[in-house]
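Q: Starting off with a structure, shown below.
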Amino acid sequence: MKALLSKEAGGPETLSLEEVPDPVAAPGQVVVAVRACSINYPDVLIIEDRYQFKPQRPFAPGSEFAGVVESVGAGVEGWAPGDRVIAVTGHGGLAEKIAVEAARLIRLPEAHSFAEGASLVMTYGTTIHALLDRGHLKQGQTLLVLGAAGGVGLAAIELGKAFGAKVVAAVSSEAKAAAAKASGADATIVYPRGPFDKDQSKEVAELFKRAVAPLGADVIYDPVGGDYAEPALRAIGWEGRYLVVGFPAGIPRLPLNLTLLKSCDVCGVFWGAFAARDPRANAAHIERLFRLWAQGQIAPRVTETFAFADAGKAIARLASREAIGKLVVEVSA
């Protein structure tokens, strides 16, 4: 079989598509023939050795995929060859086949494509955990979403609306604003590109404040970081919750006096660790997401697909921060 391998730390140009032995299902595992693998920001980081987990090389990136069960190992119950499945594994998805623990599998409904299935769990799982467990978002509250046209950003808009919030979407272009509006945002902000000097930071803060006036944002969902973080925090409301989701624009340094003045919380969101530490709570979230999906309240927006040979280009595209929605690599037919 073929796999896209990382043999040395570096960007997408260091990846190579190579022949490797087919995996065999150990006890408790199944082998999945991968049909589609979505690209997430950890895929950008993991090949550069900048992610919190560093697999032994050579490894294939690709943390989230959908496919068909090909074979089943000893002791596995409830799964059979031909079953359509989704899995999140951290890496390994950019390969034609992968052996995965049966406990990680989620059944993919026939009504949804492999590309959609590969685009659901990480973005929406992260977001539902962020908004409910960390942000305690309530009906009627105001949610400010940064980077609102990316995969997790669009998920935050849809889930925010599903939970009854007013959603303000902040993006970096008019095209991204249109995507945010199409996903249900009540209002949009187009902010300038950073980095910002002190005066520019104040201008962006005023932009955010006007959008969430008069009381400020109850919850801020920030998968961007960098110079956007402080201006957004200045727009938070009394006892608001600032959700730290990711840092493609860099790791910010927040002035903690703002947290005192607003009596607000800055909350880290680490969905992978949450799912490992509290699998029952995570499973309940996933079940809720599938209900919302079936009801049409959420739907992964796959905007670009790539051939397996062009998987490196998909990672580079996400790293450029120009992508809207989800990017998916079609691994096999």
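Q: What pairs can you find where one residue is in the stretch 152-168 and closer than 15 Å to Asn40 by Cβ, the other is assigned to a loop (DSSP other than H, G, I, E, B) and among the basic types (Lys, Arg), and their Cβ atoms are less than 8 Å apart, with a gap of 6+ or different chains?
A: Leu154/Arg301
Q: In the set Pro61, Pro55, which member is under 28 Å from Gly246 (Cβ atoms) and either modelled with pLDDT under 95 or aliphatic (A, V, I, L, M) (or both)?
A: Pro55
Q: Got at least one residue in the stretch 276-283 being in contact (Cβ under 8 Å) with a residue 60 or more places away in the chain and assigned to a loop (DSSP other than H, G, I, E, B)?
A: no
Q: Something else: Could you figure out which of (1) open to solvent by 60 Å² or more (accessible area, probe 1.4 Å); (2) touching a Lys or Arg at 6+ places or on another chain (Cβ under 6 Å) isn't true of Gly184?
A: (1)
Q: Also, I was wondering about something else. Which one is modelled with the lowest pLDDT among residues in the stretch 262-272 that are closer than 15 Å to Thr123 by Cα and open to solvent by 30 Å² or more (accessible area, probe 1.4 Å)? So that I can check it myself, show each step before the final result.
A: Residues of the stretch 262-272 closer than 15 Å to Thr123 by Cα: 269-272.
This time we only want the ones that are open to solvent by 30 Å² or more (accessible area, probe 1.4 Å), so: 270, 272.
Numbers: Phe270: 96, Gly272: 92.
Top of the filtered list is Gly272.
Q: Moving on to the next point. Go through Tyr228, Tyr221, Tyr242 for me and flag whichever is aromatic (Phe, Trp, Tyr), open to solvent by less than 30 Å² (accessible area, probe 1.4 Å), part of a helix (DSSP H, G or I) and within 21 Å of Val152 (Cβ to Cβ).
A: The conditions single out Tyr228.
Q: Run down Ala178, Ala205, Ala156, Ala130 and say which single residue is of a type in the set (Gly, Ala, Ser), assigned to a helix (DSSP H, G or I), at pLDDT 95 or above and surrounded by fewer than 17 Cβ atoms within 10 Å (Cβ to Cβ).
A: Going through Ala178, Ala205, Ala156, Ala130 in turn, the sole match is Ala178.
Q: Could you go through the stretch 314-324 and let me know if any residue there is among the charged types (D, E, K, R) and touching a Pro at 6+ places or on another chain (Cβ under 7 Å).
A: Step one: list which residues in the stretch 314-324 are among the charged types (D, E, K, R), which gives 317, 321-322.
Applying the additional criterion that residues be touching a Pro at 6+ places or on another chain (Cβ under 7 Å) yields 321.
Scanning the stretch 314-324 turns up at least one residue that is among the charged types (D, E, K, R) and touching a Pro at 6+ places or on another chain (Cβ under 7 Å).
Q: Gln141 fails exactly one of the following numbered conditions: (1) without any contact (Cβ under 8 Å) to a residue 40 or more places away in the chain; (2) in contact with a strand residue (DSSP E or B) (Cβ under 8 Å, 6 or more places away or on another chain); (3) of a type outside the set (Phe, Trp, Tyr); (4) open to solvent by 30 Å² or more (accessible area, probe 1.4 Å). What is the number of that condition?
A: Going through (1) without any contact (Cβ under 8 Å) to a residue 40 or more places away in the chain; (2) in contact with a strand residue (DSSP E or B) (Cβ under 8 Å, 6 or more places away or on another chain); (3) of a type outside the set (Phe, Trp, Tyr); (4) open to solvent by 30 Å² or more (accessible area, probe 1.4 Å) one by one, Gln141 breaks only (1).
Q: Could you list, in sequence order, all residues of the stretch 115-127 that are of a type outside the set (Gly, Ala, Ser) and either outside any helix (DSSP H, G or I) or open to solvent by 50 Å² or more (accessible area, probe 1.4 Å) (or both)? Step through it out loud before you land on a result.
A: Of all residues in the stretch 115-127, those of a type outside the set (Gly, Ala, Ser) come to 116, 120-124, 126-127.
Glu116, Leu120 - these are the residues of the stretch 115-127 that are of a type outside the set (Gly, Ala, Ser) and either outside any helix (DSSP H, G or I) or open to solvent by 50 Å² or more (accessible area, probe 1.4 Å) (or both).
The values are calculated or read from the model by the stated rules, or taken from the named source; none is laboratory data. The structure displayed is predicted, hence computed values, not measured ones. As a convention, Cβ positions derive from the backbone with ideal geometry for all residues, glycine included, and neighbour counts pool all protein chains shown. Ligands, DNA and RNA are stripped out before the accessible areas are found, and what is left, the full protein with its side chains, is counted by its heavy atoms. Shrake-Rupley method; radii C 1.70, N 1.55, O 1.52, S 1.80 Å.
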